[in-house]
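This report concerns only the one structure given below.
The values are calculated or read from the model by the stated rules, or taken from the named source; none is laboratory data. Because the structure is a prediction, the values reported are computed rather than measured. Don't worry about glycine lacking a Cβ; one is built from the backbone with ideal geometry, like all the others, and counts go over all protein chains shown.
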Amino acid sequence: MKKITVIGHFAFGKESCSGQVIKTRVVTEELCRQLTEVEVGMEDTGGAWYTLFRLPWKICRALWNSENVVMMPAYNGIHVITPLLVFFNIFFHRGLHYVVIGGWLTSYARRFVLLRHLLRCFHIYVETKSMMEELRQQHFSDVLVMPNFKNLKIAPLDSLRSATEPPFRLCTFSRVLKEKGIEDAINAVKECNKKAHRTLYTLDIYGIVEQPEWFEAVMQGQPETIRYCGSVAFGDSVKTLNKYFILLFPTFYKGEAFAGTIIDAMASGVPVIASDWHANPELIDVGVTGFLYPTRSVSSLVKLLMEVADEPEKINAMRRTCVERAQEFLPEKAIVPLLSNL
């Protein structure tokens, strides 16, 4: 019998950059390293409509073959996988675990009463302390913080680059959609350059474009200082980001929790300027690993960028701390709360 089986969207045989697939794979890979591959099972929930009809069999097989089962569903999957696991576990009596992806669970649990009751049958692992506190206010007692993590090679200290003169290179590194604040970043960079009467900043945009028509309209007529650079393979994020001055993260995405892009930036030795949205204030130590500004306030972002351009040594001094902080989000450290409950 296996120690644990993971039920989630693995997208076997496919290249995928979705947060759900990446986190499901990373958690499972670390479980395999800690427990050995023989003790870890996998059941893929991805695929076409017929997967829905095969799901009860997959869940029963997971419960039959494992001492513990961990689910990692997205919005739609949670309404199907949760009741099936709870029902079939009446007969198997296994340990049930839920590793949460993103920051939407607290509002979901508040909205769906039956789901809230069913989820109390699980050990729940959330990405941030604020999520844990919100769930405890909803009378969940078995909730632990398991921060987001990535199996990245952290940049060596001697590779960290200091920039002292403009133009300073900025980037965004997330899915490309309106709610990630891409347009706010573009407008802020252009306004800074206008105020400085020169090219103070350039902006490179990385990520999968999820709203093509919107993004095409946004990029229409943009100056050469604003570029779309495509998406980056999972293992190449540190090598890509290491050459930048600051990573901008102006998100106002409703499902944001512990964004993986913050880990990418810290592992690269790149400070982050982010909106004060959701968990960002919990993750960014102001003046140490980055700065925060009021969400959707482009004027505040412009003011902050202008101040930083006058004193670039403040950003350069943060690079070592970012790399040191990234050590906290290595898989072997972050996965401890889950392993402790097996």
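Of the numbered criteria (1) surrounded by fewer than 16 Cβ atoms within 10 Å (Cβ to Cβ); (2) farther than 30 Å from Ile101 by Cβ, the one Phe168 fails is (1). Taking the conditions (1) in a helix (DSSP H, G or I); (2) free of Cβ contacts under 8 Å to residues at least 12 places away in the same chain in turn, Asn76 satisfies each one other than (1). Across the stretch 164-180, the qualifying residues are those that are in a loop (DSSP other than H, G, I, E, B) and under 16 Å from Leu247 (Cα atoms), and the one among them that is modelled with the lowest pLDDT is Arg175. Looking across the stretch 158-186, the residues that are under 20 Å from the mean Cα position of the chain (by Cα) and small (Gly, Ala, Ser) come down to Ser174, Gly181, Ala185.
The one condition from (1) of a type in the set (Gly, Ala, Ser); (2) over 28 Å from Gln327 (Cα atoms); (3) part of a helix (DSSP H, G or I) that Gly221 does not meet is (3).
Rundown of residues vs (1) on the phi < 0 side of the Ramachandran plot; (2) in a strand (DSSP E or B), yes/no style:
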site	(1), (2)
His139	no, no
Phe149	yes, no
Ser162	yes, no
Asn187	yes, no
Cys192	yes, no
Leu203	yes, yes
Ser231	yes, no
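Here Pro294 fits the description: assigned by TED's automatic domain parsing to the domain that holds Lys243 and either farther than 24 Å from Ile101 by Cβ or among the hydroxyl-bearing types (Ser, Thr, Tyr) (or both). Screening Lys190, Lys194 for residues that are closer than 20 Å to Leu301 by Cα and exposed (fewer than 15 other Cβ atoms within 10 Å of the Cβ) leaves exactly one candidate, Lys194.
For Glu256, the conditions (1) at pLDDT below 95; (2) closer than 22 Å to Ile186 by Cα; (3) touching a helix residue (DSSP H, G or I) at 6+ places or on another chain (Cβ under 7 Å) all hold with the exception of (3). Checking the stretch 148-160 against the condition returns no match, with no residue being modelled with pLDDT of 95 or more, closer than 30 Å to Glu332 by Cα and not aliphatic (A, V, I, L, M). Lys254 falls short on exactly one of the conditions (1) surrounded by 17 or more Cβ atoms within 10 Å (Cβ to Cβ); (2) charged (D, E, K, R); (3) touching a residue at least 40 places away in the same chain (Cβ under 8 Å), and that condition is (1).
Every condition in (1) crowded, with 19+ Cβ neighbours inside 10 Å; (2) of a type outside the set (Asp, Glu); (3) under 21 Å from Ala257 (Cα atoms) holds for Tyr108 except the one numbered (1). Where helices (runs of 4 or more DSSP H) fall entirely within the stretch 247-330, those with at least 1 residues that are touching a Gly at 6+ places or on another chain (Cβ under 8 Å) are at 260-268, 312-326. The listed residues are Val218, Val272, and the only one of them that is surrounded by fewer than 22 Cβ atoms within 10 Å (Cβ to Cβ), modelled with pLDDT of 95 or more and in contact with a helix residue (DSSP H, G or I) (Cβ under 8 Å, 6 or more places away or on another chain) turns out to be Val218. Of these, Leu84, Leu135, Leu118, which one is out of contact with any Gly (no Cβ under 9 Å at 6 or more places or on another chain), farther than 29 Å from Trp64 by Cα and at pLDDT 95 or above? Leu135 is the lone residue from the list that is out of contact with any Gly (no Cβ under 9 Å at 6 or more places or on another chain), farther than 29 Å from Trp64 by Cα and at pLDDT 95 or above. Residue pairs whose Cβ atoms lie under 8 Å apart, separated by 6 or more positions or on different chains, with the first residue in the stretch 279-304 and within 20 Å of Gly255 (Cα to Cα) and in contact (Cβ under 8 Å) with a residue 12 or more places away in the chain and the second assigned to a helix (DSSP H, G or I) and of a type in the set (S, T, N, Q), are Ala279/Ser130; Glu282/Ser130; Leu292/Asn280; Tyr293/Ser300; Pro294/Ser300. Restricting attention to the stretch 135-167, the residues that are of a type outside the set (Gly, Ala, Ser), out of contact with any Leu (no Cβ under 7 Å at 6 or more places or on another chain), farther than 30 Å from Arg33 by Cα and not assigned by TED's automatic domain parsing to the domain that holds Thr28 add up to 3. The set of residues in the stretch 131-153 that are surrounded by fewer than 19 Cβ atoms within 10 Å (Cβ to Cβ) and either within 17 Å of Pro271 (Cα to Cα) or in contact with a helix residue (DSSP H, G or I) (Cβ under 8 Å, 6 or more places away or on another chain) (or both) comprises Gln138, Leu144, Val145, Asn151, Lys153.
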